[in-house]
Amino acid sequence: MVNLRYTVDLDYDVLAPGADFILGIHAARTPRQRLSDESLVISQPVSPRVHEHPLTRTRVMQLHADAGQLSIRYAATVAIAHHVESPERLSEVPIDALPANVLTYLYPSRYCESDVLHQLGVQEFGTLPRGYGRVAAIRDWVTKRVTFRSASSLSTTTACDTARTRVGVCRDFAHLMIALCRAVNIPARFATGLDYGADPVLGPPDFHAYVEVYLSHRWYLFDPSGTAMPMGFVRIATGRDAADAAFATIFGAIRSGPPVVRIRAVAGDDGDAIVPLPSDRALSTDDGGGLAFAQA
């Protein structure tokens with residue numbers, strides 16, 4: 001079991017008359033992701049409300065801040081019980097066998113125009129054998145054809161834009177892979193976490209976007225950017241695309257610097273600290289209908 005400790009520090013200069021914040025920084029509480037030592041410190045005397053999605057377990061925090069300095073620190077220790085599988089055992093689920101709550105991840109969405117990219121998806125991947133291997137081929141296609149470049153895209157950049165420009169950051173890689181999966185009728189969704197294991201040359205630790213694909217009735221992890229380590233992904237949010245999983249949505253005028261993120265492996269209940277490593281196995285943090293922790 002992997003145990004990770006992470007902190008997020010956010011600092012804002014809120015301009016008059018104040019601002020409203022919707023923040024996605026809390027780790028999701030799932031049957032395979034257990035939280036302990038969770039804390040939240042806010043410099044202003046505000047009354048935050050944390051909402052939890054009943055299906056995805058995504059948590060968002062809503063608050064109003066007055067004009068002035070606003071500092072927020074969130075910290076948690078997260079124990080992740082990965083489901084590990086041999087890739088060759090995983091198959092695509094026929095559409096008529098998909099659960100109702102998975103169907104939405106077949107459709108085009110704001111940033112993942114799978115209908116527009118349908119021809120490209122069928123041309124490149126339509127004849128490949130179905131299963132994990134076809135999804136891995138889509139991931140590898142995106143990784144090889146798109147160049148990671150900081151600050152190379154905008155908040156409005158879509159999968160079609162990335163397919164044309166062939167540059168982007170992690171969320172752009174994720175959007176393109178998701179759109180191509182959906183183009184060949186494979187459910188795929190957007191996930192946010194932290195970039196554990198990323199090369200320091202890319203900058204300090206940060207939030208990270210990756211992909212979950214539905215295979216053999218479970219969501220499996222893929223990182224098309226190739227910049228981080230799936231075994232170290234703490235799940236924060238999932239959704240159709242980045243519109244459902246932004247780490248900060250702000251209504252009002254503010255000035256801010258980048259978030260300060262820290263993450264490290266820590267010892268579990270047995271005293272051992274398991275450091276996440278690259279793996280050629282299929283990894284999932286989805287419970288698949290079962291429970292990984294008795295108290296979850």
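Miscellaneous remarks
- The stretch 86-245: Rg to Rh, with Rh as the Kirkwood radius over Cα pairs: 0.94
- Exposure proxy ranking, count of Cβ atoms within 10 Å, fewest first, for 181, 170: 170, 181
- Contact order relative to length of the chain, as percent, for alpha carbon pairs under 8 angstrom and 6 or more apart: 29 percent
- Using C-alpha pairs below 8 Å separated by at least 6 residues, the relative contact order for the stretch 86-245 is 27 percent.
- Under 5 Å, built H, 5+ apart or other chain: amide partners of residue 248: 24
- Phi angles of the stretch 29-44 translate, via the Karplus equation with coefficients 6.51, -1.76, 1.60 and θ = phi - 60°, into HN-Hα couplings of 9, 10, x, 10, 9, 9, 10, 8, 6, 7, 9, 9, 10, 10, 6, 8 Hz per residue; Gly and Pro are given as x.
- Quarter of the Cα convex hull surface for the stretch 9-103, i.e. its orientation-mean projected area (nm²): 8.9 nm²
- Sorted ascending by nearby beta carbons within 10 Å, beginning with the fewest, 274, 72, 95 become 95, 274, 72.
- Each eigenvalue of the Cα gyration tensor of the chain, multiplied by 5 and square-rooted, gives one semi-axis; in descending order these are 31, 23, 18 Å.
- With K and R counted +1 and D and E -1, the other residues having a Cβ less than 14 Å from that of residue 187 yield a net charge of +1.
- Packing-based order for 276-288, 21-33, using average beta carbon neighbours within 10 Å, highest first: 21-33, 276-288
Every number in this text was worked out from the coordinates using simple rules, so none of it is lab data. Remember, it's a predicted structure, so these values are computed and weren't measured experimentally. Note that each Cβ is placed from the backbone with ideal geometry, even for glycine, and that neighbours are counted across all protein chains shown.
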